[in-house]
Amino acid sequence: MDQPSPPVKAAKPGFRPEVQGLRALAVLMVASYHIWLGRVSGGVDVFLLVSAFLLSLSFLRKGEAGRGLQLRHYWTHVFNRLLPAAAVVIVGTLAATVLFVPRSRWAEIFSQAWSSLLYVQNWALAADSVDYYAADHSIASPFQHFWSLSVQGQVFILWPLLFALSAVIARIAHQRFRRVVLCVFGAVFAVSLIFSVYETYTNQAHAYFDTRTRLWEFAFGTLLALAIPYLKPGRGFRVAAGWIGLAAMLSGGFILDVQGQFPGFVALWPLTAAALVIIAGQTGSRFGADRVLSWGPLVRMGDMSYALYLWHWPILVIYLAWRGRQEVGLVGGGLILGLSLILAALTTRFVEKPVRAGERHGTWRRSAVVIAACLAVVAVPLASGQYLLKSADDRLQAEAELNYPGARVLAPDYDGEPTGVPVRSVSSTDPDSWGSLPQECSDVPDGPTDPVLTSICFSTPNTDSAKRTVLIIGSSHAQQWIEAVEPMAQAHDYRVIALLKGGCVYGDTVASRSEDCNRFNEAATEYALEMKPDAVIAVATAAMPEDAADPLVEGLPEAAQKLAREGIDVIGVRDNPRFPFDMQVCAETNGADSCTAPLVDKQSPDLPTAEDAAGITLLDFSDLICPEGICSPVVGNTYVFLDDNHLTTAYAASLADEFDRRFHEAVGW
């Protein structure tokens, strides 16, 4: 989520109250968009620019004055200010998680706490292909908002190194420091912007969290700091610039297609808006936007913007998870914002301010001690909690066959008596919760070479000895069947390769899918035709949460016919039922019996006809997913559904024997 810049201020002189007011409006806008509108505001881009602008002003003064950059002091100074408030929020969020969030989500949240503490949260979210724009915040991580703080933390390490490099180059080449800084950061701006546009176009979900796609926004702030001394517009221009910038910043979240285009060149909108406000500066006019932005209460709000941002998101997410809702109303949102303001004020007063006051009389060693203490305050309870959770899960896993049979309980010859309570230790935001293969295709000799596929291809390790090869293509709904396919493959010495792209079902090119998805499917078909697997497994239908329908996936018959002409069997697995709510959370909150649904309300009455599904052999496991026509969250003492539309890995694995039998019956091997 959007992240305000931490309290890194330019050295005196240079305090700019209108910039603090800008921060305050931005964080209030961010919180409001998250709480009530469920949209991205673009405020993160404003904060990135402001961070770099103030940081750069400080280093430019030092460099031009010939003073040492004092990198060790700077780094300890910055993280001494960042970590105390962050540590308090992380510990508070962990405590609230244990009290109010279902146990099934603890493992995921604990893992994300480490990523947040160590400033790698953005990379963790990128690797997990998290949907930043998901409408249901109740299933989001309460630490998801730390992604941009992680980006900033990484830049706060990199930027001083680039300034130090500029100083060395200026000294060796006998050039002005400012000129070298312009060249270095101008190059960063250009390269990062080009890469940002490219990755946003090819893999936008990853691009949103990628530090490399954000560097140009920081570089924009540095270039603005370089230009400010030479920008001397008249008062009339500055008054107009201030209001235009402020209006553009506040309206960007409504006007821009942030879901499809950020953080590519479209991010120039909020950056330019913030730059106009900064260029306008203190106009001295009673009609200037700076009079609003310099208003005392707003400036004080800017002082606690960092803490306000840190608190508002976990409070929102935990409230939604606790109440089992996807959104809050006007009153509930007001209470969340009010509580966030109270906690932010307390954190600023009793954590941030004392740290800053002590820093004025301390050394870098004292700051290092504070940093170490903050790390320990989080690490000790977090590691302890993870150890206890893993120990409990290991005990349950040891009893899995006996007490958690899942679909095996439906077998005619089953005579066990499972005991215990249903449990899972992974969540829907963890890709491994949908199934995984151990080896990346980059490590196998016949893996795909198309860059569209190389990073999302996985394989079993038996690349040379396998008797047959099975290729799985599609979204997480295809991925979840890995847990049933892999045991079959091990039993028969088959090789399994998976081409997986979140939210992208497999089929021929159709206009209703995104360009990104169509490119993936084209590349997947070309790879299949090139390697000629013995069979391709894909999801054949597309279930709907609110309707009794699961029509055939568009374009799948056309793709299947291309493969069938080359002798490749295409197995289409019927999609599992989907629901308008998280089945597992419902069961944990209300009991499994309160969360059932008739299968006839979730699927089309019949499978697609052979004519409609030409080239596809259909497999339907609905009788095992919803036995006796009732979809229940729990079967055989095992959670069936991971969320509102995926199977759990445990339940998919319990289908392995029956998948083996039906698959071989279908292909005739």
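The values are calculated or read from the model by the stated rules, or taken from the named source; none is laboratory data. The structure presented is a predicted model; accordingly, all values stated were derived computationally and were not measured. Cβ sites come from the backbone with ideal geometry, for glycine too, and all protein chains shown count toward neighbours. Just the protein is used for accessible areas: all its heavy atoms, side chains included, with ligands, DNA and RNA removed. Shrake-Rupley method; radii C 1.70, N 1.55, O 1.52, S 1.80 Å.
Table for the structure above
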| read-out | value |
| --- | --- |
| Efficiency of FRET from Cβ geometry, Ala614 and Lys232, R₀ 60 Å, rounded to 0.05 | 0.25 |
| Heavy atoms of Leu339 accessible to a 1.4 Å probe, total area in Å² rounded to 10 | 80 |
| Where trypsin sites (Lys or Arg not before Pro) fall in DSSP loop in the stretch 517-573, at most 14 other Cβ within 10 Å | Arg565 |
| Over the stretch 481-544, equivalent-ellipsoid semi-axes from the Cα gyration tensor in Å | 24, 15, 9 |
| Solvent accessible area, Å² - Ile244, 1.4 Å probe, full protein context | 100 |
| Computed helical MRE - 222 nm, the chain, DSSP H runs ≥ 4 contributing -39500 (n - 2.57), nearest 500 | -17500 deg cm²/dmol |
| Inter-site label distance for Ala127 and Glu628 at 7 Å from Cα along Cβ, in nm | 4.4 |
| Helix 305-323 axis, angle to the chain major axis (alpha carbon atoms, nearest 10°) | 20 |
| The chain: Cys lacking any partner C-beta under 4.7 angstrom | Cys183, Cys374 |
| By average C-beta atoms within 10 angstrom, highest first, the peptides 408-416, 108-116, 443-451 | 108-116, 443-451, 408-416 |
| For the chain: relative contact order, % (alpha-carbon pairs under 8 angstrom, 6 or more apart) | 15 |
| DSSP-assigned coil residues among trypsin sites (Lys or Arg not before Pro) in the stretch 278-355, each with at most 10 further Cβ atoms within 10 Å | Arg286 |
| For the stretch 83-106 versus the stretch 143-199, the gap between their alpha-carbon centres in whole angstrom | 34 |
| Where chymotrypsin sites (Phe, Trp or Tyr not before Pro) fall in DSSP loop in the stretch 63-96, at most 10 other Cβ within 10 Å | none |
| Charge dipole magnitude, Cβ of K and R +1, D and E -1 - the chain, Cα centre, debye nearest 20 | 6160 |
| Distant-in-sequence amide H partners of Val570 (H built 1.01 Å from N, under 5 Å) | Val536, Thr617 |
| Within the chain, percent of DSSP bridges classed antiparallel, to nearest 5 | 40 |
| Surface accessible to a 1.4 Å probe, per residue, for the residues of the chain, Å² | 41 |
| Share of carbon and sulfur in the accessible heavy-atom surface of the chain [1.4 Å probe, %] | 60 |
| Cα-based Rg of the stretch 405-554 normalised by 2.2 N^0.38 Å, two decimals | 1.16 |
| Protection proxy ranking of 539-545, 169-175 - average other beta-carbon atoms within 10 Å, highest first | 539-545, 169-175 |
| Scattering profile of the stretch 311-367 at q = 0.19, 0.22 Å⁻¹ [log10 I(q)/I(0), Debye over alpha-carbon scatterers] | -0.70, -0.81 |
| 5 angstrom amide H check on Val496, placed H, neighbours 5+ away | Thr460, Val470 |
| Theoretical gain in end-to-end length, Ser442 to Ser455 [0.36 nm per residue, Cα-Cα removed] | 3.9 nm |
| Accessible-area ranking of Cys631, Cys183, largest first, probe 1.4 Å | Cys183, Cys631 |
| Global form of the stretch 32-117, assessed from the alpha-carbon gyration tensor, a/c cut-off 1.5 | oblate |
| Built amide H within the under 5 Å cut-off of Ser604, gap 5+ | Ala549, Asp550 |
| Binned Cα-Cα distance frequencies in the chain - 10 Å width, integer % | 3, 14, 23, 23, 18, 12, 6, 2, 0 |
| Extension gain (nm, one decimal) between Val98 and Asp413, 0.36 nm per residue minus Cα-Cα | 109.4 nm |
| In Å², nearest 10: area of Tyr230 left accessible to a 1.4 Å probe | 140 |
| Theoretical FRET efficiency, 1/(1+(r/R0)^6), r = Cβ-Cβ of Asp394 and Gln282, R0 60 Å, to 0.05 | 0.45 |
| Principal semi-axes in Å for the stretch 137-258 [√(5λ), Cα gyration tensor, largest first] | 29, 24, 13 |
| Whole-Hz ³J(HN,Hα) from phi, Karplus 6.51 cos²θ - 1.76 cosθ + 1.60, for the stretch 27-33, glycine and proline x | 5, 5, 5, 4, 4, 5, 4 |
| For the stretch 379-389, 3J(HN,Hα) per residue [Karplus equation, 6.51 cos²θ - 1.76 cosθ + 1.60, θ = phi - 60°, Hz, x = Gly/Pro] | 5, 5, x, 5, 5, 5, x, 5, 5, 5, 5 |
